[in-house]
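A short write-up of the structure that comes next.
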Amino acid sequence: MDAYDEDSKAPRGPDGPAGARRTEAADGPGAPPGERRGAETGEPAPSATPASPGQPAGLAALPPRYRIVAGAGLAAVAAVAAVHLGMVFLSLAPANTVSKRHGEAVQAWVYPEFEQNWKLFAPNPLQQNVAVQARAEVRTEDGDLRTTGWTDLSAQDGAAIDGNLLPSHTQQNELRRAWDFLGATHGTDNRPVGVRGALSEQYVRRIVVLRLERDGEAGRAGTLQRVQVRSRTVNVPPPEWSREKVSANPVYRVLPWWTVTGDETEAGAR
């Protein structure tokens, strides 16, 4: 009989029969008892010490007063986002009780910065190039009045966008949307129609004054007194294979002179 065969007559050690003691001896005298038991059963040995509870993460890891400030900030952002989405929804949704009662508040919130339109999906997209131009009447320090030449503001935006991988929203849309807003709220006689017409004039005037001031049109020793805005519209030429005939002559729409108020200079429009 093999000396290491297990049988009922084999001497038993503290952990079982002699065969088990051989396995224990193979593990080495220095192996911990838990590891030896794992080697005998084939199962991972339980950890000798219990795992410590995990550390809190996120807002829970901050001190109480910082958690209060962070929670209040998140709540304020969520509230503003909810109000904005609600206002935009009411401005686009069909007329209802809420939009009729709070129509002025909705329009004051949405227009003109957040106005929505669907020209991208129009069956007949815009086929014209519209450039917005402006000039100013400047009073010099000698008291004389000087009228500047026409400045093509749309061309300035175009030059800033060309070659720019990430043009700003202001360069792409501010002037264009302001002019569309003005055209939709003015009649053929260039007079404002309703309250939004006056708002569109103020919006366009502020943009024009701010840009002319930054471009130095008033001069270092001059002050803007009045500004005038016009649009230059040219039809997009049809492709060579098309038989369509369009005029290549530009069409101008000239608005009357606007007096510049004190809060519309660069300091007030900033």
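Tabulated results
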item: Selection status of Gly187, under 15 Å from Pro112 (Cα atoms) and modelled with pLDDT under 95; result: no
item: Filter result for Leu120 (modelled with pLDDT under 85 and in a helix (DSSP H, G or I)); result: yes
item: Breaking point among (1) modelled with pLDDT under 90; (2) β-branched (Val, Ile, Thr); (3) open to solvent by 80 Å² or more (accessible area, probe 1.4 Å), for Val110; result: (3)
item: Where a residue in the range 235-255 is within 15 Å of Val132 (Cα to Cα) and without any contact (Cβ under 8 Å) to a residue 12 or more places away in the chain and its partner, wherever it lies, is open to solvent by 60 Å² or more (accessible area, probe 1.4 Å) and among the aliphatic types (A, V, I, L, M), with Cβ under 6 Å and at least six apart; result: none
item: Set Gly163, Gly197: member being without any contact (Cβ under 8 Å) to a residue 40 or more places away in the chain, within 15 Å of Pro256 (Cα to Cα) and under 28 Å from the mean Cα position of the chain (by Cα); result: Gly197
item: Residues being in a helix (DSSP H, G or I), surrounded by 10 or more Cβ atoms within 10 Å (Cβ to Cβ) and without any contact (Cβ under 8 Å) to a residue 24 or more places away in the chain - total across the range 88-99; result: 4
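The values are calculated or read from the model by the stated rules, or taken from the named source; none is laboratory data. Predicted model only: the values in this text are computed from it and were never measured. Neighbour counts are summed over all protein chains in view; Cβ atoms, including those assigned to glycine, are modelled from backbone coordinates with ideal geometry. Note: accessible area is taken over every heavy atom of the protein model, side chains too, but ligands, DNA and RNA are not part of it. Shrake-Rupley method; radii C 1.70, N 1.55, O 1.52, S 1.80 Å.
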